[in-house]
Amino acid sequence: MSVRKRHVVVIGLDGTPYSLLTRLTREGELPHLARIFEQGTICPMNSVLPPVSSVAWACFMSGKNPGKHGIYGFVDRVPDSYEIYIANSRCMRSETLWEVLSKSGKRVVVINVPVTYPPRQVNGILVPGFLMPKLKKGTYPLWVGEKLEEMGYRIDVDPWQARESKDKLLEDLDYTLQKRVEAAFHFLESEAWDFFMLHIMETDRLHHFLWEDMEIGDPRYGPRFLAFYKRLDEFLGELHRRLEGKATLIVLSDHGFCLLKKEVYINHWLREKGWLRFSKEPPESWSDIEGGSKAYSMDPGRVYLNLKGREPRGSVESGEEYERLRKELAEGLSGLEDPGTRESMVERVFRREELYTGGCYAQAPDLVVKPQRGYDLKGSIKKESLTDRGPLVGMHTYDNAFLYIEGQSLSKEVAEIVDLMPTILHLMGVSAPDDLDGSSLI
């Protein structure tokens, strides 16, 4: 199929798996999406390691791996210290899709995408996602935030309330989605645009707290999980109707999801093995790492050696000792088993050079652990056991994200999230930068 339109609308359903969406459409639960999918191609898509929303959407909007855009996790390390920071748009070391489009004279409207706060200047409108503290001072241009506040727009659900009550979470999700959709239709119809994107974070929140209820068919919350997807289906059906074929519709997720069996605390294991020590008990922060420590871990499954010249109290020499310790750590981590079932908890351990390249490579973790399904790797420094289970019942996966593009055949059976930027630029007739890691799917 040929490129038919120069306008593109992208809807991001955070953390929605290919397997879930195709099953629900096949079973007749999502009739609008089923009809939409008949008009294009839907395929599974791989995310990024680690499959964190902030990292994955950074790969989407840059077309590059973290070694080029500089975002490796929701939080990362301050260079030359053990302090951490939350990654935001200031950490993005690459031009974004909407900046490239803006420079080409295209007008953009971008709503709620992670890692876009503080907003950079674009030719159009940018409403950041959940890290935006206040609407009135958080949008580009500023008048957009004032308009959204008048509309009762909600930046995000309250995650702490979600931990207390599933019923309150579901009420919050419904209201937040309703206001997000109202805002989308308002700007879709009142503003001129060539590229329009709406990101829906509510699916990720739903999955973290109610995935198990959906899987086991809980009589109370299972139907309410499905009801949320039916509301999404109605929105997408109405959006498709309003577009009337005037734009290419793309719908995608940034990672998959599965049932969380157990959380796995890598730093507990490092401490037991003698590779990590703290100067006080219990430790209060990473600043309490003792100089003799050899390694430490951050969410989810990022392992750093305590390297001389990089960490403030580094004890590992670069070269032979570094490589020997990486090998020992990788072998040990690969053998981690569930203490209760003896199941393997780790699928594979990657060295940094297997995953990352680019100008931000020096910031990369030394090892990245890919877990077996159901084992969520955590970086807590205060846990007194290897595994546990908290209030979250769903976790991210690297595979089983999805991609749908209207009116197109795709060149790959399984897409990569970095392929989206060059694909969208191709659809819109804009030349892609030379240093992208992805390639156009059409």
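Descriptive notes on the structure:
- Failed criterion for residue 174 (all others in (1) of a type in the set (D, E, K, R); (2) modelled with pLDDT of 95 or more; (3) more than 22 Å from the chain's Cα centre (by Cα) hold): (3)
- Being in a loop (DSSP other than H, G, I, E, B), charged (D, E, K, R) and either farther than 16 Å from residue 79 by Cα or in the same structural domain as residue 352 (by TED's automatic domain parsing) (or both) is a property that does not hold for residue 324.
- Checking residue 246 against (1) part of a loop (DSSP other than H, G, I, E, B); (2) within 30 Å of residue 73 (Cα to Cα), the condition it does not meet: (2)
- Close pairs from segment 374-397: first farther than 26 Å from residue 203 by Cβ, partner in a strand (DSSP E or B) and of a type in the set (Lys, Arg), Cβ under 6 Å, at least 6 apart: 387/262
- Residue 365 meets each of the listed conditions (1) within 14 Å of residue 264 (Cα to Cα); (2) within 27 Å of the chain's Cα centre (by Cα) apart from (1).
- Candidates are the residues of segment 104-123 that are of a type in the set (D, E, K, R) and surrounded by fewer than 22 Cβ atoms within 10 Å (Cβ to Cβ); the one that is farthest from residue 56 (Cα to Cα) is 107.
- Given (1) at pLDDT below 95; (2) in contact with a Cys (Cβ under 9 Å, 6 or more places away or on another chain); (3) not hydrophobic (A, V, I, L, M, F, W, C), number of the condition residue 254 does not satisfy: (1)
- So residue 204, is it touching a residue at least 12 places away in the same chain (Cβ under 8 Å) and in contact with a His (Cβ under 6 Å, 6 or more places away or on another chain): no
- Matching residues, segment 409-431, being touching a Cys at 6+ places or on another chain (Cβ under 8 Å) and within 18 Å of residue 65 (Cβ to Cβ): 412, 414, 415, 417, 418
- In segment 277-295, the residues that are within 12 Å of residue 316 (Cβ to Cβ) and assigned to a loop (DSSP other than H, G, I, E, B): 291, 292, 293, 294
- Meets criteria (in contact with a helix residue (DSSP H, G or I) (Cβ under 9 Å, 6 or more places away or on another chain), buried (at least 22 other Cβ atoms within 10 Å of the Cβ) and not small (Gly, Ala, Ser)) for residue 369: yes
- Of the numbered criteria (1) in a helix (DSSP H, G or I); (2) buried (at least 20 other Cβ atoms within 10 Å of the Cβ), the one residue 196 fails is (1).
- Cross-chain or 6+ apart pairs with Cβ under 7 Å, segment 122-134 first and within 24 Å of residue 74 (Cβ to Cβ) and modelled with pLDDT of 95 or more, then among the small types (Gly, Ala, Ser) and surrounded by fewer than 19 Cβ atoms within 10 Å (Cβ to Cβ): none
- For segment 380-419, the candidate set comprises residues that are in a strand (DSSP E or B) and closer than 18 Å to residue 11 by Cβ; within that set, the residue that is nearest to the chain's Cα centre (by Cα) is 401.
- Within segment 376-406, the set of residues being under 19 Å from residue 265 (Cα atoms) and among the charged types (D, E, K, R) comprises 376, 378, 382, 383, 384, 388, 389.
- All of (1) assigned by TED's automatic domain parsing to the domain that holds residue 45; (2) closer than 23 Å to residue 373 by Cβ; (3) among the hydroxyl-bearing types (Ser, Thr, Tyr) hold for residue 297 with one exception: (1).
- With respect to (1) surrounded by fewer than 18 Cβ atoms within 10 Å (Cβ to Cβ); (2) touching a helix residue (DSSP H, G or I) at 6+ places or on another chain (Cβ under 6 Å), the lone exception for residue 356 is condition (1).
- Residue 348 being surrounded by fewer than 16 Cβ atoms within 10 Å (Cβ to Cβ) and assigned to a helix (DSSP H, G or I): no
- Any chance residue 162 is more than 12 Å from residue 61 (Cβ to Cβ), outside the structural domain of residue 305 (by TED's automatic domain parsing), buried (at least 17 other Cβ atoms within 10 Å of the Cβ) and modelled with pLDDT under 95: yes
- Unique residue being under 23 Å from residue 226 (Cβ atoms), buried (at least 21 other Cβ atoms within 10 Å of the Cβ) and either of a type in the set (A, V, I, L, M, F, W, C) or not assigned by TED's automatic domain parsing to the domain that holds residue 247 (or both) when the list is 126, 148, 169, 135: 169
- Count of segment 56-88 residues which are outside any strand (DSSP E or B), surrounded by fewer than 21 Cβ atoms within 10 Å (Cβ to Cβ) and at pLDDT 95 or above: 2
The values are calculated or read from the model by the stated rules, or taken from the named source; none is laboratory data. Only a predicted model underlies this, so the values are computations on that prediction, with no experimental measurement involved. When we count neighbours, we look across all protein chains shown, and the Cβ atoms used for this are built from the backbone with ideal geometry, even at glycine.
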